[in-house]
Structures are given as C-alpha cells and as structure tokens.
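K.L.:
Pasting a structure below so you can have a look.
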Amino acid sequence: MENIKRIADDKLFKWMIDIRREIHQWPEKAFKEHRTSELISKRLKEIGIEHRTGVAKTGILGRLKTDKKAPTVALRADMDALPMHEDTGLPFASKVPGVMHACGHDGHVAILLGAAKLLKASPPKGNVVFIFQPAEEAGGGAKPMIEEGVLKGVDIIFGGHIETHYQVGEIAIKRGVHTAYTDSFDIEITGRGGHAARPHEAVDSVVIASHLITHLQAIVSRELDPLYPSVITIGYMQAGTVSNAIADKAILQGTIRTIETSVRAQIVDKIKNTASSLSTLHNAKIDVGINPGYPPVINSDREFKFAWDTAERLFGEKRVISIPHPSLGGEDFAYFTQKIPGCFVRFGAAKDGCEYIASHSSQFDFDEEALRVGAVYLSELVRDAVEKLK
Ligand code: NI
C-alpha cells in the first residue's frame, strides 16, 4: 500500500474523506441529488475541471481534454442514497430521517473526485470523461444520461463499487456477465371481504396470497434448471386492516433475478400461469404486472484485461480476485456496457467490526481507506488504458 500512499497522499485522502462524510450526512434519493450535485460541481471547479450540471436532472458530466485525436476513457460514479433510516451511530450519520447512504455511493463520488484531482494534477495521454450519475438504486439514471449524450466520443468506460466482502487493497473483477436482470413484479389479488367468522361468504385474499407465495418459490426450486441461477424474492406484502375481517385485497411485490434471457422469459410465463390457475381455483381476480428492470453488466474481454492488469501492477497478483460467478444483484452501469465496451470492478472495503453487516443494511459502513485505493486505481487505470488504446 506504500505505492498507493505515494500517489494519493494524506492531504488528498483527507479531502476525499471530508467529501464522503459531507455527502453521507446529507443523503438524497434518486433524481433528488441536488445538494450532492452542488458539492460535486464546487469540487470540480476547485480542481479546475470543466463540467456540465443538470444532466438527467442532477447528474454531472466533467471533461479533461488533452488531445482531440487521443482516445477517451469515461469513469462513472453513482450518487443516490436509499430510503431507509440510518442506525450506525457514526458521528457523521445521516441528518435526513429515512434516507441513508447504505450502499457506498457517497464513497463512489469521493473516489471519482479523487481520481479527477489526480488526473488533473498529472494528465494522462488521452481524454477523460467523468460521469456523476443520479438514481442507480431506483430509476436507472444511466439511461437518461446516455440519452443526453454523455457517451459521445467516449471509447471505453470503467466504474467500480465499494464491496465489504473484500479487504481494502483487494480488487475483485468478473470477466463477462457480472450482474443480473432485475425485473420486478406487482401482484394484486382481489377476493371478497367478509366477516372473519363466515369464510364461506367471502373469498379470502390472504389465503390465496399465501398459496401464491409458496407456488412462486416452487418455480425456482422445482421448475427451472438449477444450473441456471435465478431468484424470486417477495419483499412486500400487504392485506387487510383488522383481525376480525376477511381481507378483500392482498398485494405482493417482488423481484426476479436472472442471468439468461430464456430463464427470464420462463419465470415471467410461470408467474402469470400460476396466478391465473390460482384465480380459477379460488374464484378470485389476480392481476400480475411485470416491470422490466436493469439488464446485466457485461464486462468486455479487453477492458476486463485492462482492469486486471492495472490492479495487478498496483496491488500485486495476490490481491486481484477473479469473481467466479455472476452476482444476482443489479447495477445500471449495464446501460453503459450495452453501448460501449467497459468493465465494472469491486473495491475491497471491509471494515473491522462490521463483518456481518451487508450493504443496504441500516448499519452499513466501510473502511474509508478504500477511497484512496479507488481513486488511485481509477486514475492509474485511465493512464494505462489510453496507452494501450493508442
Ligand atoms: Ni450500489
């Protein structure tokens, strides 16, 4: 790590920590990252990087131009927080009730600003585009940013995510398919309400919902080839208002995670068939809505190799980890890799005492040394990549 500290000294490290903590205290949800956006713009001005604000509402596009004819590499950070209450007890914990940076996007912004500062101080032999993207957790902010032209003239793109399953100084990378399709569904079961003591006069939406939940779980465990990964999770259910009445309506919401397009289609068919059969069986109406989510992030071979080689050069081969399987998590960086070649990596950020606290948990935190690692890694990756692209 001595070489990393030589590139990003303690002064820069502290600058990034301050940014991260400021954003952490004032988390903002998807497309509402106004304060975060202002802070980024202020810092980019301080560094001297020209940029456009208000891209896809709250996003920012920064540019470091060196040579028109040289290749252009984009780096991307997401900016949004989650709608959950923070329970870390940190001195810089969220000051906004019900909103928290529980996925490390506060760190991603600090990392990208750190990388921008390093690259501005010692420009690479190519152009760099800095994409600060809103709404990764919900709303897919990458898409409108692309529609507003952030990839124009860009050859390749890199991004990364803080990952507490790995130690600081470790970089984990997956060749090829890295994340999953993340479709979601809403199911509304309409029965007939009635008195709790006279079920024969009613159609109980709660009992039908219970059957439906177990049937949906059996799709993955009994009807699909186990060698192709998939998950159905129901994360929300709501029915009834009082203990002595039969509920007329039940609502289920969940997510479908798949890697293969054929499995994705099969699951949707099977959910619809199950709902339709149960509605006949129980004499209820069941409406199923499927909402397409993010596509998978696909790390292209050449950019995977670029990312790998820079990690190996900086951290040594033992600290570069090949991720063996795709994750069933989602990541809207996928929209970028649909357009141009790129690679998305994981920055090790495990924090002592937080071994069992996952991201998206109200107690999530990470080792801030990962900020320094991330900034050095992304800036050096750009330097290496523009040389190789020439
Ligand atoms: Ni995230």
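Every read-out reported here was derived from the displayed coordinates using simple, explicitly stated rules and does not represent laboratory data. The structure presented is a predicted model; accordingly, all values stated were derived computationally and were not measured. Cβ placement follows ideal geometry from the backbone for every residue including glycine, while neighbour counts extend to all protein chains displayed.
K.L.:
Run the dipole for the chain about the Cα centre, Lys and Arg Cβ at +1, Asp and Glu Cβ at -1, nothing else charged, and hand back the magnitude in debye, nearest 20. Walk me through the numbers on the way to the answer.
P.N.:
On the way: 48 positive and 50 negative charges, 252 e Å.
So the magnitude is around 1200 debye.
K.L.:
Separate question: For Gly59, list long-range residues whose amide hydrogen, built 1.01 Å from N in the peptide plane, is under 5 Å from its own amide hydrogen.
P.N.:
Correct list: Gly54.
K.L.:
Does region 283-354 come out rounded, prolate or oblate by the C-alpha gyration tensor, with a ≥ b ≥ c the root eigenvalues, rounded set by a/c under 1.5 and, if not, prolate when a/b is larger than b/c and oblate if not? Show your work: numbers first, answer last.
P.N.:
Details: a/c = 3.70, a/b = 1.83, b/c = 2.02.
Verdict is oblate for region 283-354.
K.L.:
Using a 10 Å cut-off on Cβ atoms, rank the peptides 117-127, 369-379, 308-318 from the highest mean neighbour count down. If you can, show how the numbers build up before the last one.
P.N.:
Numbers: 117-127: 18.3, 369-379: 27.1, 308-318: 16.4.
Most protected by this proxy first, the peptides run 369-379, 117-127, 308-318.
K.L.:
With helices defined as uninterrupted DSSP H runs, which ones in the chain have an alpha carbon span along their own long axis of at least 15 Å and mean Kyte-Doolittle hydropathy of at least 0.0?
P.N.:
Details: long enough: 10-25 (22 Å, -0.81); 34-47 (20 Å, -0.91); 105-121 (24 Å, 0.74); 205-218 (20 Å, 1.17); 261-282 (32 Å, -0.12); 301-315 (21 Å, -0.85); 369-389 (30 Å, 0.38).
Helices meeting the span and hydropathy rule in the chain are 105-121, 205-218, 369-389.
K.L.:
Taking 0.36 nm per residue of sequence separation and subtracting the Cα-Cα distance, how much length would be gained by fully extending the chain between Asp269 and Glu355, in nm to one decimal? Write down the numbers at each step before the final one.
P.N.:
Details: separation 86, 0.36 × 86 = 30.96 nm, distance 3.90 nm.
The span from Asp269 to Glu355 would gain 27.1 nm if fully extended.
K.L.:
Please work out the FRET efficiency for the pair Ala197 and Ile251, using the Cβ-Cβ distance as r and a Förster radius of 22 Å; give the result to the nearest 0.05. Working shown, then result.
P.N.:
Numbers: r = 25 Å, r/R0 = 1.12.
After rounding to 0.05, the efficiency reads 0.35.
K.L.:
Rounded to the nearest Å, what's the spacing between the alpha carbon centres of region 265-332 and region 81-110? Just the number, please.
P.N.:
25
K.L.:
How many nm separate the modelled label positions at Ser362 and Thr233, each set 7 Å beyond the Cα in the direction of the Cβ?
P.N.:
1.7
K.L.:
Evaluate the distance, in nm, between pseudo-label points positioned 7 Å from the Cα of Val242 and of Glu387 along their respective Cα→Cβ axes.
P.N.:
Result: 7.5 nm between the two label points.
K.L.:
Charges at C-beta only: +1 for Lys and Arg, -1 for Asp and Glu. How large is the resulting dipole of region 181-291 about its Cα centre, in Debye rounded to 20? Intermediate results must be reported in sequence, preceding the final value.
P.N.:
On the way: 9 positive and 11 negative charges, 27 e Å.
Magnitude of the dipole: close to 120 debye.
K.L.:
Springs between alpha-carbon pairs under 10 angstrom, Gaussian network model over the chain: which of Val231, Val129, Val55 fluctuates most?
P.N.:
In this elastic network of the chain, the residue with the biggest mean-square fluctuation among Val231, Val129, Val55 is Val231.
K.L.:
Assign one of three labels to region 181-291, namely rounded, prolate or oblate, based on the Cα gyration tensor with a ≥ b ≥ c the square roots of its eigenvalues; rounded applies when a/c is under 1.5, prolate when it is not and a/b is larger than b/c, and oblate otherwise. Don't skip to the answer; put the middle values down first.
P.N.:
Numbers: a/c = 2.70, a/b = 2.28, b/c = 1.19.
Here region 181-291 falls in the prolate category.
K.L.:
Hey, what number do you get for the chain at 222 nm if only DSSP H runs of n ≥ 4 count, each worth -39500 (n - 2.57), divided across all residues, to the nearest 500? If you can, show how the numbers build up before the last one.
P.N.:
Values: 10 runs with 137 residues, N = 390.
That calculation yields -11500 deg cm²/dmol at 222 nm.
K.L.:
Using only the Cα atoms of region 241-390, each taken as one equal point scatterer with no solvent, compute I(q) by the Debye sum, divide by I(0), and report log10 of the ratio at q = 0.12, 0.20 Å⁻¹.
P.N.:
Calculated log10 I(q)/I(0) at the listed q: -0.76, -1.34.
K.L.:
Rounded to two decimal places and with Rh computed the Kirkwood way over Cα pairs, what is Rg over Rh for the chain?
P.N.:
1.04
K.L.:
As an exercise, use a Förster radius of 41 Å and the Cβ-Cβ distance of Thr66 and Gln217 to find the FRET efficiency, rounded to the nearest 0.05.
P.N.:
Numbers: r = 54 Å, r/R0 = 1.33.
Efficiency, from the Cβ-Cβ distance: 0.15.
K.L.:
Sort 294-306, 192-204 by the packing proxy (mean of other Cβ within 10 Å over each peptide's residues), most packed first.
P.N.:
Details: 294-306: 20.5, 192-204: 13.9.
Going from most to least packed, we get 294-306, 192-204.
K.L.:
Only Cα pairs under 8 Å and at least 6 apart count here; give the relative contact order of region 181-291 as a rounded whole percent.
P.N.:
42
K.L.:
Here is a follow-up. Placing +1 on the Cβ of each Lys and Arg and -1 on the Cβ of each Asp and Glu in the chain, which of Val386, Asn244, Ala334 has its Cα farthest towards the positive end of the resulting dipole?
P.N.:
Val386
K.L.:
While we're here: Given 25 °C and 0.890 mPa s, compute D for region 283-324 with the Stokes-Einstein relation, Rh being the Kirkwood radius over Cα pairs; round to the nearest whole µm²/s. Present the calculation step by step, with values, prior to reporting the outcome.
P.N.:
Values: Rh = 14.0 Å.
Roughly 175 µm²/s, to the nearest whole number.
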